[in-house]
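Participant: Questions regarding the structure given below will be posed in turn.
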Amino acid sequence: MTVVELAKRTGQTIAHLQEILANVGEKVVSEFHPIGIDVAELVATEVGVNVRRLHSSEGSVLEFRPPVVTVMGHVDHGKTSLLDALRQTSVAAKEAGGITQHLGAFVVAMPSGASITFLDTPGHAAFSAMRARGAAVTDIVVLVVAADDGVMPQTLEAMRHAKEANVPIVVAINKCDKPGADPERVKIQLGSEGLPLEEMGGDVQVVQVSALKGTGLDRLEEALLLQAEMMELKARIDGPAQAYVVEARLDRGRGPLATAIVKSGTLVCGQHVVVGAQWGRIRAIRDMAGNVLESARPAMPVEIEGLKGLPMAGDDVTVVGTEERARLLSDGRRKKQEKDRLKMVNEERYPLAEPGAEEDEPEKPQTVELPIVVKADVQGSGQAVKDALKSLNSPQVFVNVVHVGIGPIGQSDVDLAHACGACIVGFNIRTPPSSLSLAADRASVKIIIHRVIYHLLEEMGNLIVERAPGTF
Ligand code: GDP
């Protein structure tokens, strides 16, 4: 891409772009000077334009790749149990004698040699969060419906999510071992909700399973492969990888670790990458069984080591040429994130009044705002803490979670909390070193750390009573 083309696409003047390019150390001799894709992205980010990289597959080899599957459905219908049962049939479980860790994804290999990648976070919250960040990782949704309970509100919500994302569904009617199980009733319900089931002349497959007894799993896996076959899922194998993070965690010895799924291309050990707003050089790639690999191909979930910080689920992994580029690009993205976040915080705090709303609404009681920065060990618990904190909301108290971060509390968290007048809530993380506690004290930032949500809520309740007397 040349500077002229970039100017056209971003709607900026060439002079302005040249100035930014000079700032990031890119020497530009003329407006027809070609610039690399990562530099182009950096500049676009600087001028506030959202970019999406489309890797051209022209001229490259496309090969069949395994499907990536997400499990969704109503609460208590058995999503977690089904994933547990499927995980037991995974490659990692077989190699490790049945013991597996939750790493965000796992692979089930079929006797035929084909394989399926399962995202190990059930529910549509994770699916939506990934989609909101532009990560279209899921190829197929397994819709779990309990045979004794039938179609429920979240079943319909999951159907809606899948439809909006244009992702096909395979139905797993679960709990078929239960005495009150009535799979036929479930099918009729699904049909009348507009899901075109195969046995009613449509193309949505239905499989009856019992996650508890482990029955029907092989038929479910076969149905998923059949669905994948119909979709002719293919990916570019050669060239730089495009991948997405599905989970990230901090390991004491190895530092930040991210489970990523390659969408296309090949991720190679030693490459410089930008992951969301983080960057690093890939020091090691491991498969889900912990085996060290040189590279990772499409649909393979792998754990990557070597990032400087923790990325978020849904972040994209981009390969760049040099360490300097990686650092510049991540800096640019971080600045943009910060800007977006402050904008969002302000909007949440001072929502734009809807026209006419003032006259109709009765006078609101005085609301005390309690801004909070959440830090947690893993993404799942961060989200859980956020949801739990929101349950404390009342007409008198507005618990405003301004940021959810993963990993130990750092100076930047204290700075953010100070700027928003927030307290920091840590869940399942280490107590900060005394120097940081001191800095927090000086900035009047309260730090609360717990390992049990119930205890956390109890202390928050006390804090609310302190700040908003008469609430409870
Ligand atoms: P989720 O909320 O959808 O993740 O549901 P869970 O996997 O936590 O399951 C909810 C409850 O249903 C648990 O008590 C499970 O033991 C139970 N359960 C899940 N699958 C089955 C099944 O196939 N048969 C029976 N009888 N119970 C099941």
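Participant: Of the numbered conditions (1) surrounded by 20 or more Cβ atoms within 10 Å (Cβ to Cβ); (2) at pLDDT below 75, Pro66 satisfies every one except a single condition; which is it?
Facilitator: The failed condition is (2).
Participant: Kindly indicate the residue of the range 105-137 that is within 16 Å of the ligand (Cβ to nearest atom) and part of a loop (DSSP other than H, G, I, E, B) and also modelled with the highest pLDDT among those meeting that condition.
Facilitator: The residue in question is Asp120.
Participant: Go through the range 339-391 and report how many residues are basic (Lys, Arg) and modelled with pLDDT of 80 or more.
Facilitator: 3
Participant: Scan His418, His403 and give me the residue that is touching a strand residue (DSSP E or B) at 6+ places or on another chain (Cβ under 8 Å) and open to solvent by 40 Å² or more (accessible area, probe 1.4 Å).
Facilitator: Of His418, His403, the one residue that is touching a strand residue (DSSP E or B) at 6+ places or on another chain (Cβ under 8 Å) and open to solvent by 40 Å² or more (accessible area, probe 1.4 Å) is His403.
Participant: Determine whether the range 434-448 contains at least one residue that is open to solvent by 70 Å² or more (accessible area, probe 1.4 Å), at pLDDT below 85 and of a type in the set (Lys, Arg).
Facilitator: No, the range 434-448 contains no residue that is open to solvent by 70 Å² or more (accessible area, probe 1.4 Å), at pLDDT below 85 and of a type in the set (Lys, Arg).
Participant: Could you give me the residue pairs with C-beta distances under 9 Å whose first residue belongs to the range 330-341 and is farther than 14 Å from Val39 by Cβ and in a helix (DSSP H, G or I), whose second residue is among the β-branched types (Val, Ile, Thr) and modelled with pLDDT of 80 or more wherever it lies, and which are 6+ apart or on separate chains?
Facilitator: Sorted first by the residue in the range 330-341, then by its partner, the pairs are Arg341/Val402.
Participant: Give me the pairs, please: first residue somewhere in the range 211-223 and at negative phi and more than 10 Å from the ligand (Cβ to nearest atom), second residue anywhere and modelled with pLDDT of 95 or more and polar (S, T, N, Q), beta-carbon distance under 7 Å, and either six or more positions apart or on two chains.
Facilitator: Listed pairs, sorted by first residue: Ala223/Gln205.
Participant: Mind checking whether some residue in the range 173-193 is in contact with a strand residue (DSSP E or B) (Cβ under 9 Å, 6 or more places away or on another chain) and touching a residue at least 60 places away in the same chain (Cβ under 8 Å)?
Facilitator: Within the range 173-193, one or more residues are in contact with a strand residue (DSSP E or B) (Cβ under 9 Å, 6 or more places away or on another chain) and touching a residue at least 60 places away in the same chain (Cβ under 8 Å).
Participant: Another question about this same structure. Could you check the range 137-160 and list, in sequence order, the residues that are open to solvent by 40 Å² or more (accessible area, probe 1.4 Å) and farther than 16 Å from Pro196 by Cβ?
Facilitator: Asp148, Asp149, Met152, Pro153, Gln154, Glu157
Participant: Yes or no: the range 462-472 includes at least one residue that is at pLDDT 85 or above and either β-branched (Val, Ile, Thr) or open to solvent by less than 50 Å² (accessible area, probe 1.4 Å) (or both).
Facilitator: Checked against the condition, which is being at pLDDT 85 or above and either β-branched (Val, Ile, Thr) or open to solvent by less than 50 Å² (accessible area, probe 1.4 Å) (or both), the range 462-472 yields no hits at all.
Participant: Do any helices (runs of 4 or more DSSP H) lying entirely in the range 390-472 carry at least 1 residues that are among the β-branched types (Val, Ile, Thr), and which ones are they?
Facilitator: Here the list reads 411-420, 453-467.
Participant: Scan the range 229-258 residue by residue and report those that are within 28 Å of Val171 (Cα to Cα), over 23 Å from the mean Cα position of the chain (by Cα) and either within 16 Å of the ligand (Cβ to nearest atom) or of a type in the set (Gly, Ala, Ser) (or both).
Facilitator: none
Participant: Here's another thing I want to ask about it. Counting residues that are open to solvent by 40 Å² or more (accessible area, probe 1.4 Å), which strands (runs of 3 or more DSSP E) fully inside the range 244-309 reach at least 1?
Facilitator: Qualifying strands (runs of 3 or more DSSP E): 255-264, 278-286.
Participant: While we're on this one: Of the residues in the range 76-99, how many are away from the ligand (no atom under 16 Å from the Cβ), without any contact (Cβ under 8 Å) to a residue 40 or more places away in the chain and either surrounded by 18 or more Cβ atoms within 10 Å (Cβ to Cβ) or closer than 20 Å to Val137 by Cβ (or both)?
Facilitator: Result for the range 76-99: 1.
Participant: If you don't mind, another one. Those residues that are surrounded by 24 or more Cβ atoms within 10 Å (Cβ to Cβ) and part of a strand (DSSP E or B), I need them from the range 319-328; list them, please.
Facilitator: Hit for the range 319-328 is Val320, nothing else.
Participant: Check the range 179-190 and report whether any residue there is more than 21 Å from Glu157 (Cβ to Cβ), crowded, with 17+ Cβ neighbours inside 10 Å and near the ligand (Cβ under 9 Å from one of its atoms).
Facilitator: yes
The values are calculated or read from the model by the stated rules, or taken from the named source; none is laboratory data. What you are looking at is a predicted structure, and each value in this text was computed from that prediction instead of being measured. FYI the Cβ positions are ideal-geometry reconstructions off the backbone, even for glycines, and counts take in every protein chain you see. These area figures cover heavy atoms from the full protein model, side chains too; ligands, DNA and RNA do not enter into them. Shrake-Rupley method; radii C 1.70, N 1.55, O 1.52, S 1.80 Å.
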